[in-house]
Structures are given as structure tokens and as C-alpha cells.
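Engineer: Provided herewith is a single structure, encoded as C-alpha cells, for subsequent inquiry.
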Amino acid sequence: MIATKGYAVQDAQSDLAPWNFERRAVGPHDVQFDILFCGVCHSDLHQIKDDWGGAIFPMVPGHEIVGRVVAVGSHVKKFKIGDLAGTGCLVDSCRTCDNCKEGLEQFCSNGFSATYNGMEQDHKTPTYGGYSNTIVVHEDFVLHISDKLDLAATAPLLCAGITTYSPLKFLGVGKGHKLAVLGLGGLGHMAVKFGVAFGAEVTVLSTSPNKESDAKKLGAHKFVVTSDPIQLQSVTGYFDFIVDTVSAQHDINKYINLLSVKGTHVCIGVPPAAYELYPAGLIFGRKSIVGSLIGGLPETQEMLDFCAVNNITSDIELIDIKNINEAYDRMVKGDVRYRFVIDMKTLK
Ligand code: NAP
Ligand code: ZN
Ligand code: ZN
């Protein structure tokens, strides 16, 4: 077993605090890498607070993980000691169901192993995430990370990146499309970057007027303050796609009004409770609502390679792990520009 240092919550009421635990010894197909940076996703906060139910404690969050390989198993072919490596939201899956075979491991029919707050494929060993100094993962669930990009700013690609890249890809968003990004946070700012890279006209829909200049710097063409009825009216029936990244309760009917005929509202934010939906808003215009969950392993590697070629990373604020609870408080207030990333050497 490998002695590991991390930060964990012991129950849904507690703050994150130092916690030591053990990871499995490196098996024949495993890669062990020391974690250099880990992004802070709003899902980490939802899960430590047990917003979605079923939380497993103690919980070590973190699924935007990058670092350097320090050990490989005897059968590992894709990695060697010294390589950069990354892991996102998945550390294993059954690999035999139709979805796994299609590279959609996030929809594994037998239940994927989440990087934390989940179980290994034995369905009884809990998983622990990236707010820790080292991790052991089967090589099939380890991604290659380019040395051309800033490593700390690459970490958020492992969740915020793939979660926004994947729906834009499967919906074919590109030139000639009007794309709205609802919520300019960690996911939202990546959706803007990918939307612009794919050639769409991108509008940010935000509750925060003070994010306008940032939105434009990120490449957005328009910025709409959603609390202003006049601004909202100006984009009624306008968008082909809305990517909804909002983490809190909100009225999606108000945004469905902004879709053009045959437009699509893409749910990727996961508020803790159900939406109220008026079907007429969809019926008058043959509009759709679709959901999207992170992305599978092949597409995650494709996204990382696309980012390396197109020089795309996240805009980050690097933090000391001792300040993680304060970072969560700021995230709840929407005060993140635009992703916190933990510098893991501060864990020492
Ligand atoms: P984040 O950085 O906190 O950004 C969320 C943004 O939503 C905020 O910056 C804010 O943007 C907007 N917002 C917050 N509260 C709002 C409210 N009450 N009404 C309207 N807008 C509000 O969070 P994130 O890390 O991007 O994650 C966003 C959501 O996606 C979370 O629920 C997370 O769990 C989920 N998620 C889903 C997947 C998936 O696979 N589907 C993957 C990762 C994360 P403005 O200031 O611009 O309004
Ligand atoms: Zn995430
Ligand atoms: Zn499967």
C-alpha cells in the first residue's frame, strides 16, 4: 500500500482538513503519478455537501488532476516514469458493456468508478480524488498531457474542458451557429473558448455585469445581463444552442424563450433540485433539451490534443491547499476568475 497525504471532509457539515490514507500498490496495469496540480470543480462542493445524495465519507475531492509518473506496472505500455499524466472524473469502468466499447465510459451500464465519492470496480473499495499528493490509476484511465501548455492551467481541462467540449462536438456547434453560454464560471469560460475555437458566434448570459470585459477577452462576441429584461428581450428567439452551466436553482423557461426554432438547451450544470418546466416553451418552436455528462476517455484525449494544438487552457487562480475552504466560499458567490487550481506542493 502507498501512504498518501490528502485533504478530506469527514461528513457533509465539516470543512476540508488534512487526512492521511492509503492507495493500492501499483498493479501490473497501473500508473502511479505524483499530483502537481488539481482543479477545484463546483461538483467538488456539491459532493462534499452531499447535494446529490449518496455521499461516501471520508471524501477526498478532486477530479482535475495532473502530475508526473513515478511508477508503472510491469504490463504498462502507454506511460513511462517521468511522463506527464492526467486523470479526470473516471478511474475505471467495466470495459465490456456497449457504452464502454464505444468509448462512452461515463455511461458504463455497470457503473463507472468515479475518481472520488465512488467505488472501484469491485464495488466495495472507495475511491479518493486529487486533493492529495499521489494517485494510482489503471493506465487505460490515464491521459497524456502536453508539455507545451502551462501545466496548472491544463488541470481544469480534465473536467471543465471535456464537459464543455463534448456537447459542442456531438451537437456539431460551429460556423454559422449562435451559441449562448449561461453562467461564466469554470465550465462557462471553457465553453466560450471552445465555442469561439469552433467558429460559432458566442454570447455570454450572466448574472454578473462585472464579467463583461472578461467575457470579451475570452473571445465572446456579445454579453447579456440576465437580470435586465431589456437585454434579455433583445435576444429572444435568437440562439441555436444554450449551454447551461448554472450550479444553482434557476428558471430555465426564461432561457428556452431565447432559443430559435429547433434550438437546443444543453444542461450541464447540476443544481441540487428539480427544474419546473413549461412544455409549451418547447412545443412552440420544436425546441429540445439535452443533457451531457463529462466525456469518455477517447474524447478526453482528443480534447487535450486539440487544446495543445490550439493553445487552449483554463484561466486560473492558483491557491495553497490551506485556503481551500475559503476558495469554496468564493465559488458559491461566483467569485472565481475562472477556476481555482490547487498547487499541490503546498500539501507538504
Ligand atoms: P462555477 O465555476 O461556480 O460556475 C457556475 C456559474 O453559474 C457562476 O459563475 C455564475 O455565473 C452562475 N450562477 C451561479 N449561481 C447562479 C444563480 N443562482 N443563477 C444564475 N446563475 C448562477 O461552477 P462550475 O465548476 O462551472 O460548475 C457548474 C455546474 O456544472 C455545477 O453544478 C457542476 O456540478 C456542474 N458540472 C457538471 C458536469 C457534467 O458532466 N454535466 C461536469 C462538471 C460540473 P455568472 O456569474 O456568469 O452568472
Ligand atoms: Zn468537475
Ligand atoms: Zn461498461
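Engineer: Given an 8 Å cut-off on Cα distances and at least 6 residues of separation, report the relative contact order of the stretch 250-333 as a percent. Please report the intermediate quantities before stating the final value.
Structural biologist: On the way: 52 pairs, mean separation 22.8, N = 84.
Normalised by residue count, the contact order of the stretch 250-333 is 27 percent.
Engineer: Using a 1.4 Å probe and ignoring any ligands, DNA or RNA, find the accessible area of THR264 and quote it in Å² to the nearest 10.
Structural biologist: In the full protein context, THR264 sits at about 20 Å².
Engineer: For the pair ALA17 and GLU317, how long in nm is the line joining their label points, each one 7 Å along Cα→Cβ?
Structural biologist: Taking the two extended label points, one gets 2.5 nm.
Engineer: Can you spot the lysines whose alpha carbon is less than 30 Å from LYS175's alpha carbon? Ignore those fewer than 8 places along the same chain.
Structural biologist: Within reach: LYS148, LYS193, LYS211, LYS216, LYS217, LYS222, LYS254, LYS262, LYS287.
Engineer: Can you pull the accessible area of SER43 for me, 1.4 Å probe, Å² to the nearest 10?
Structural biologist: Accessible area of SER43: about 30 Å².
Engineer: With the contact rule set at Cα under 8 Å and sequence spacing of 6 or more, what percent relative contact order holds for the chain? Write down the numbers at each step before the final one.
Structural biologist: Numbers: 810 pairs, mean separation 61.6, N = 348.
Once divided by the residue count of the chain, the mean separation gives 18 percent.
Engineer: Let me ask something else about it. Going through the stretch 254-340, which trypsin sites (Lys or Arg not before Pro) have at most 11 other Cβ atoms within 10 Å and a DSSP loop state?
Structural biologist: Those satisfying the criteria are ARG286, LYS333.
Engineer: Run the numbers for LYS80 and ASN110: contour at 0.36 nm per residue of separation, minus the present Cα-Cα distance, in nm. Can you show the working numbers first?
Structural biologist: Working: separation 30, 0.36 × 30 = 10.80 nm, distance 3.04 nm.
Here the segment from LYS80 to ASN110 would lengthen by 7.8 nm.
Engineer: Might you tell me the accessible area per residue for the stretch 161-291, computed with a 1.4 Å probe and given in Å²? Show your work: numbers first, answer last.
Structural biologist: Details: 5540 Å² over 131 residues.
Per residue, the stretch 161-291 has 42 Å² of solvent-accessible surface.
Engineer: What percentage of the solvent-accessible surface of the chain, computed with a 1.4 Å probe over protein heavy atoms, is contributed by carbon and sulfur atoms? Could you put the intermediate results ahead of the total?
Structural biologist: Numbers: 7800 of 14620 Å².
The nonpolar share, carbon plus sulfur, comes to 53 percent.
Engineer: Please go through the stretch 281-345 and write out the chymotrypsin sites (Phe, Trp or Tyr not before Pro) that DSSP classes as loop and that have at most 16 other C-beta atoms within 10 Å.
Structural biologist: On the way: sites: PHE284, PHE306, TYR328, TYR338, PHE340; in loops: PHE284, TYR338.
For chymotrypsin sites (Phe, Trp or Tyr not before Pro) across the stretch 281-345 that sit outside H, G, I, E and B with at most 16 neighbouring Cβ atoms in 10 Å, the list reads PHE284.
Engineer: Just to make sure I understand: if all protein chains stay in place, what is the order of TRP19, TRP52 by accessible area at 1.4 Å, largest first?
Structural biologist: Values: TRP19 55, TRP52 105 Å².
So the residues, ranked largest to smallest area, are TRP52, TRP19.
Engineer: Could you name the lysines in cross-link range of LYS101, using Cα to Cα under 23 Å and dropping any fewer than eight places away on the same chain?
Structural biologist: Of all the lysines, those that pass the test against LYS101 - Cα under 23 Å, at least 8 places apart if same chain - are LYS77, LYS78, LYS169.
Engineer: Have a look at PRO229, PRO272, PRO18 and tell me which one the Gaussian network model of the chain (Cα, springs below 10 Å) gives the largest fluctuation.
Structural biologist: Highest fluctuation of the listed residues: PRO229.
The values are calculated or read from the model by the stated rules, or taken from the named source; none is laboratory data. Since the model is a prediction, treat every value here as computed from it, not as a measurement. Neighbour counts are summed over all protein chains in view; Cβ atoms, including those assigned to glycine, are modelled from backbone coordinates with ideal geometry. Note: accessible area is taken over every heavy atom of the protein model, side chains too, but ligands, DNA and RNA are not part of it. Shrake-Rupley method; radii C 1.70, N 1.55, O 1.52, S 1.80 Å.
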